[in-house]
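Worksheet for the structure shown next.
The values are calculated or read from the model by the stated rules, or taken from the named source; none is laboratory data. Not measured: the values here are computed from a predicted model. Positions of Cβ are generated from backbone atoms using ideal geometry, with glycine treated the same way; all protein chains shown enter the neighbour counts. All accessible areas refer to the heavy atoms of the entire protein, side chains included, with ligands and DNA or RNA removed. Shrake-Rupley method; radii C 1.70, N 1.55, O 1.52, S 1.80 Å.
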Amino acid sequence: MSTKSAVESLNLKPEELDEPPLPERTVLKDANGKQFAQFYYENRQVVRLDQVAPIMRTALIAIEDFRFYQHGPIDVEGTARALLKNLSQGGVMQGGSSITQQYVKQVLVNSAETPEERQAAIAPTISRKLSELRYAMAIERKYTKDQILEKYLNIAYFGAGAHGIQAAARRFFDKPASELNLVQAATLAGAVQNPARTDPSVGKESQERLLQRRNTVLDRMYQIGKITLQQANEAKAKKLGWKNIKAPGGCEASKYPYFCLYVQYEILNNEDFGKDEEERRKLLQRGGLEIRTTIDPKMQEAAEKAIKKYVSTKDKPVASQAMVVPGTGEIKAMAASRKFGGSKKKNEMSYNIVADAAHGGGRGFQQGSTAKVYTLATALEEGMKYNDGFPAPSGYQAGGYSTFKNCKGENVGDPSHTVRNSSEGGGGFKTLQTGTWGSVNTFFVKLEQSVGLCDVVKMAKRVGVKRADGNKLSEVETFTLGVNEVDPVTISASYATFAARGKYCKPLAITEIKDRNGKATQYKPKCSQVLDEDVADAVSGILEGVFTKGTMTGVGGIGRDAAGKTGTTDNYMSAWFAGYTPNMASAVSLGDPRGTSAHKLIGITIGGRYYSYVYGASISGRIWVDSMKTALKGVEPAEFHSVDKSRFGGCTEHCAPKPPKKDDKDREGPPGRGDGPFDIFNPPDGDGPGRGGGPGNGRGDWRGGGGRGR
């Protein structure tokens, strides 16, 4: 009587169930379409029913709901039996659930946003069971039996972190669901009842319980006539067959962890993928995306091998490299000498040292003399020629009239600071060519003073330079010497601008994203012409000489047109090389992430070799040469465009520098702005007004203008 009264008051009517998309893994693929990383909240790959072996479907139905194709929304016999048992016990002691009801329960669990909601979805209460029945009635009206079975196979949890039949088949037996045999199908069918107790990854006891459960399934399949007694006995005689195929997720498990991090942060920082970072993270972990990227396995391997040749994973200083395609910005390689991970004991890196903070990186390393290229480009753009120059003393104090001003017009020069040349770059009369080839500090500070600090800063920004930590660039007189901390991806992209004849392209890591429904979105390069083609060609023309007449002569070239610049920071705190061919740009940095001020590259052993001092060419330059040679094998060599000699070819008069006069110090004053010759600090008397209308001293300025200086 109690049971009859309860059933009459159930008011069982269909109730629509909200079915959000199942959490699916997101996979990252390289430029060749091969997977190299995956993200997931739940390890799942949704498949169609026809992609599941028929024996798997048979085994699951046999043990979970053998009347599945016969009964309606509710298995009345099983449910009535369970309901009577539960009512008499005052709670849910027996399931009696059909596959449809089990699917409903899984949907409610997956939809839960909080631990409380998740607990409510599995609570052993009659009210929860009744809600489940109402939802099941609606599901049976909405879908066919095959559709319901397909949904259940994809949502069910099998243990060992495997959600859905495809992930379970891979995790347990290293094969797709379509290739499962009788023994394997019975094993997985048995695992869904209580995956926590039969999880084979836990240990021997759990594996034994799973084996017993498998045999129970085989017995059931024989009882209902799905297999013969001989088939059942032969299958029960087999071992479990657990392969323990791990499905690591996240970038730490990726083949290319630093590039993987870059892609991850590209999505997390992009509002196109969600209103906030949390929503974007859910998309990455649950969205079932297929992300096609720019990484090239061959070029990545070239970078990794070259770095490994010169820097050990055990070394405290870290070498890192990025390769970027000129004209598209595609990132083809991102590598570092230390492995990515959280173990300090193993000397692993816990952040993306190849990139900036916006892409999971840190504060970067001071750029050093690779920043001089922006001053060079500014000088060429503003009218200087290859052989224009001036004396570059061993030490230079930019004080008095020559105070530097930032882009706000504020004085930033330090009259007390003396810029000195390193042993790489000596003094004497220097031109744009020889000053660059020798990387002469005093020459470039005086050149920056002449063209204007703000103009140099603006040039750097035009070609994409920004600080790795996201702060504003430090606009000080030593800007040209590379005092700002930067990262290899940023510097590679900036140098790629010159290779692409003045076209800057934002670094590009993602070329296509395909959603769970197969809809694909392409991502094109974002480029803009920021520099005159002839000026970019002129920069390349000078930087080519770095390999043959400059700081890289001891290292050599790569057997094709190449241009580049070494970068050794003050007191040897970090060392760089950045360079490019018409096909590829790359930058290599070397520094100690513990702090470059306290851990300088002096008297140090790196890669098993001792270095008294580490210059840009010592390690970074060699890594660049070796990696680029290998990366570009098979790529048709391209040549730089010829330099417009009528515009940049050099001087036509006063070509030979005059020896400095004894009274030069007494004749200092603001440089004139006239049509004087090209030694802008020591020309003979010539036409030209003083800067800003001030008096001159006969020091003609290469920029030209009217009037006559004193």
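General remarks:
- For Lys239, the lysines whose Cα comes closer than 24 Å to its Cα, not counting residues fewer than 8 places off in the same chain, are Lys175, Lys204, Lys226.
- Per DSSP, loop trypsin sites (Lys or Arg not before Pro) in the range 355-460 with at most 14 further Cβ within 10 Å: Lys408
- Per-pair calculated FRET efficiency, R0 = 35 Å: Arg118 and Lys344 via Cβ, rounded to 0.05: 0.50
- The range 103-162 shape via C-alpha gyration tensor axes, a/c threshold 1.5: oblate
- Packing-based ranking of 116-122, 181-187 yields 181-187, 116-122, ordered from highest to lowest mean Cβ neighbour count within 10 Å.
- Label-reachable residues, the range 135-163, where backbone N falls under 16 Å from a point 7 Å from Glu16's Cα toward its Cβ: 135-143
- Charge-dipole axis of the range 501-659 as Lys and Arg at +1 and Asp and Glu at -1 on Cβ define it, positive-most pick from Leu543, Ala638, Met628: Met628
- With the whole protein complex present, Val465 retains an accessible surface near 10 Å², based on a 1.4 Å probe.
- Cα-based reach from Lys13 at 25 Å (exclusive), listing lysines while leaving out same-chain residues under 8 positions away: Lys4, Lys85, Lys105, Lys129, Lys142, Lys145, Lys151
- Sequence of Lys105, Lys345, Lys34 when ordered by accessible area, the most exposed leading, probe 1.4 angstrom: Lys345, Lys34, Lys105
- Element breakdown for the range 463-590 at a 1.4 angstrom probe: carbon and sulfur atoms account for 43% of the accessible area.
- Average projection area in nm² (convex hull over Cα atoms of the range 209-314, one quarter of hull surface): 13.2 nm²
- Part-to-part distance (alpha-carbon centres) for the range 158-204 and the range 457-492, which is given in Å: 53 Å
- Ellipsoid semi-axes in whole angstrom, largest first, where each is sqrt(5λ) of the Cα gyration tensor of the range 437-484: 19, 12, 10
- In the context of the full set of protein chains, the range 573-635 has a per residue accessible area of 32 Å² (1.4 Å probe).
- With all protein chains modelled, accessible area of Leu283 [1.4 Å, Å²]: 50 Å²
- Note on Val109/Gln230: beta-carbon distance plugged into 1/(1 + (r/R0)^6) with R0 of 45 Å gives a FRET efficiency of 0.70.
- Accessible-area composition of the range 301-409, carbon plus sulfur, in percent [1.4 Å probe]: 49 percent
- Centroid-to-centroid, using Cα positions, the range 288-341 and the range 520-550 are 21 Å apart.
- The slack between Gln70 and Lys305, meaning 0.36 nm per residue of separation minus the straight C-alpha distance, is 78.4 nm.
- For the set Lys305/Lys514; Lys461/Lys506; Lys461/Lys503, the pairs lying more than 22 angstrom apart at their alpha carbons are Lys305/Lys514.
- 10 °C / 1.306 mPa s Stokes-Einstein diffusion coefficient of the range 290-344, Kirkwood radius on C-alpha pairs, µm²/s: 129 µm²/s
- Between Lys34 and Asp644, the distance separating the two model label sites (each 7 Å from Cα on the Cα→Cβ line) works out to 4.6 nm.
- In the context of the full set of protein chains, the range 156-304 has a per residue accessible area of 46 Å² (1.4 Å probe).
- Whether the range 401-498 is rounded, prolate or oblate, judged on the alpha carbon gyration tensor where a/c under 1.5 counts as rounded: oblate
- Stokes-Einstein diffusion coefficient of the range 498-646, Kirkwood radius over Cα pairs, 10 °C, 1.306 mPa s, in µm²/s: 91 µm²/s
- Charge tally around Ser574: other residues with Cβ under 10 Å, Lys/Arg +1 each, Asp/Glu -1 each, net -2.
- Debye log10 I(q)/I(0) at q = 0.12, 0.19, 0.22, 0.25 Å⁻¹ for the range 320-400, Cα point scatterers: -0.64, -0.99, -1.15, -1.32
- Seen through its C-alpha gyration tensor, with square-root eigenvalues sorted a ≥ b ≥ c, the range 238-287 comes out oblate because a/c lies at 1.5 or above while a/b is not bigger than b/c.
- Against the empirical 2.2 N^0.38 Å (N residues), the range 592-650 has a Cα radius of gyration ratio of 1.78.
- The range 504-547: radius of gyration over Cα atoms, expressed as a fraction of 2.2 N^0.38 Å: 1.91
- Taking 23 Å as the straight-line reach from the Cα of Lys600, the lysines in range (excluding those fewer than 8 positions away in the same chain) are Lys308, Lys309, Lys314, Lys316, Lys339, Lys344, Lys345, Lys346, Lys372, Lys565.
- Zone of Glu636's modelled label, taken as backbone nitrogen in the range 483-515 under 20 Å from a point 7 Å along Cα→Cβ: 499-501
- Among the trypsin sites (Lys or Arg not before Pro) in the range 503-584, those placed in a DSSP loop whose Cβ has at most 11 other Cβ atoms within 10 Å are Lys519.
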